[in-house]
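The values are calculated or read from the model by the stated rules, or taken from the named source; none is laboratory data. All values derive from a computational prediction rather than experimental measurement. Note that we place each Cβ from the backbone using ideal geometry, even for glycine, and neighbour counts take in every protein chain shown.
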Amino acid sequence: MKPTALAWTVAAALSAAGSFAVRGDDAPAPKSDDAVRKLVEALGTHGIRLDPERKLCSLEVKVGIRDDLLEYVLVNPLGQSHESLFTSDVPPRALNTALLALGVQAGENVRVKEKDPPPTPEELRDGAPAYTIEPPSGDGFYLYAAWREADEIYWYRVEDLVRDLETGRGMRRHRWVFLGSKTAPDKKHPGQELFAAEVEGNLVNLALFEQGFTLVTTALPECIKQTIWLPNAWLLPERGEKVLLVFARERLTELPADWLERLPKVEAPERR
């Protein structure tokens, strides 16, 4: 597989949105502001809110798993919904285009290397690892989740909604790394390519995977462990409730006022 090219991804997403027609060679090129407006409108048809000025992108997602191990933060119906904190019907190409429009550059995915020389059997019995981990690195986003419940606004870093069973605390806060997925030859249609995130349906991973098929990955070395992450059910709404998932280029202390007005409303749980 090869990394997704910016031009290919943008063109594919806009074509999927159906908002841009192919222009003739003599057609005037759109002004920059006009192109941005059209891009924002096209992404809006897929439920993505793009705010280039504030370097923000958001979409409504549904709460998925609340009481089982997690490997993903966001998937669509084709993905591993039984292991994901949130789910959405968003087209992967459209979300990828929105993230690229915020000026992000693809980073490096995790690398797992066997130790050379390898540990001795005695060292392995004592708990020495047989490999070294180079966690993902590079450009990316800070992830937030927000919703409204009655008169209260709930606003969290996504890491706060994930429990680390080894530390007994929430996941460490950090900047998540943008990968942009990959393309691969379509074996059924020679000459065409498939977008891996579109085929797999997994958009943001929490556990580390070497394939690099997702759009965004966690960047913590401890995420190589796939059995220590649980949802923080004390904070999360009930399964199926909608919340706003936000991708921000910089750390935020709060959402813009005009965004707060459009937060999904969550029903307060009934007391037993």
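Summed over region 20-39, the residues that are surrounded by fewer than 17 Cβ atoms within 10 Å (Cβ to Cβ) and either modelled with pLDDT of 95 or more or under 24 Å from the mean Cα position of the chain (by Cα) (or both) give a count of 3. For region 101-112, filtered to residues that are in a loop (DSSP other than H, G, I, E, B) and of a type outside the set (V, I, T), the residue that is farthest from S32 (Cα to Cα) is N109.
For the condition in a loop (DSSP other than H, G, I, E, B), basic (K, R) and under 29 Å from L255 (Cα atoms), R172 qualifies. So which residues in region 235-259 are at pLDDT 95 or above, over 13 Å from W155 (Cβ atoms) and outside any loop (DSSP other than H, G, I, E, B)? Hits for region 235-259 are K242, F247.
The residues of region 213-233 that are touching a Pro at 6+ places or on another chain (Cβ under 6 Å) and hydroxyl-bearing (S, T, Y) amount to a single one, T217. Listed by first and then second residue, the pairs linking a residue in region 141-168 that is closer than 22 Å to E250 by Cβ to a residue that is modelled with pLDDT under 95 and in a loop (DSSP other than H, G, I, E, B), with Cβ atoms under 8 Å apart and 6 or more places separating them unless they lie on different chains, are Y144/L255; A146/L255; W155/E254; W155/L255. Answer yes or no: is there a residue in region 161-184 that is at pLDDT 95 or above, over 15 Å from the mean Cα position of the chain (by Cα), surrounded by fewer than 21 Cβ atoms within 10 Å (Cβ to Cβ) and more than 30 Å from A268 (Cα to Cα). Checked region 161-184: at least one residue is at pLDDT 95 or above, over 15 Å from the mean Cα position of the chain (by Cα), surrounded by fewer than 21 Cβ atoms within 10 Å (Cβ to Cβ) and more than 30 Å from A268 (Cα to Cα).
The number of residues in region 88-112 that are of a type in the set (A, V, I, L, M, F, W, C) and either farther than 11 Å from V216 by Cβ or modelled with pLDDT under 95 (or both) comes to 8.
Would you pick out the residues in region 99-112 that are within 15 Å of the chain's Cα centre (by Cα) and of a type in the set (V, I, T)? Correct list: V104 only. Is it the case that region 111-124 has a residue that's among the hydroxyl-bearing types (S, T, Y) and under 30 Å from A248 (Cβ atoms)? No, that holds for no residue. In region 113-152, the qualifying residues are those that are assigned to a helix (DSSP H, G or I) and modelled with pLDDT of 75 or more, and the one that is nearest to the chain's Cα centre (by Cα) is R125.
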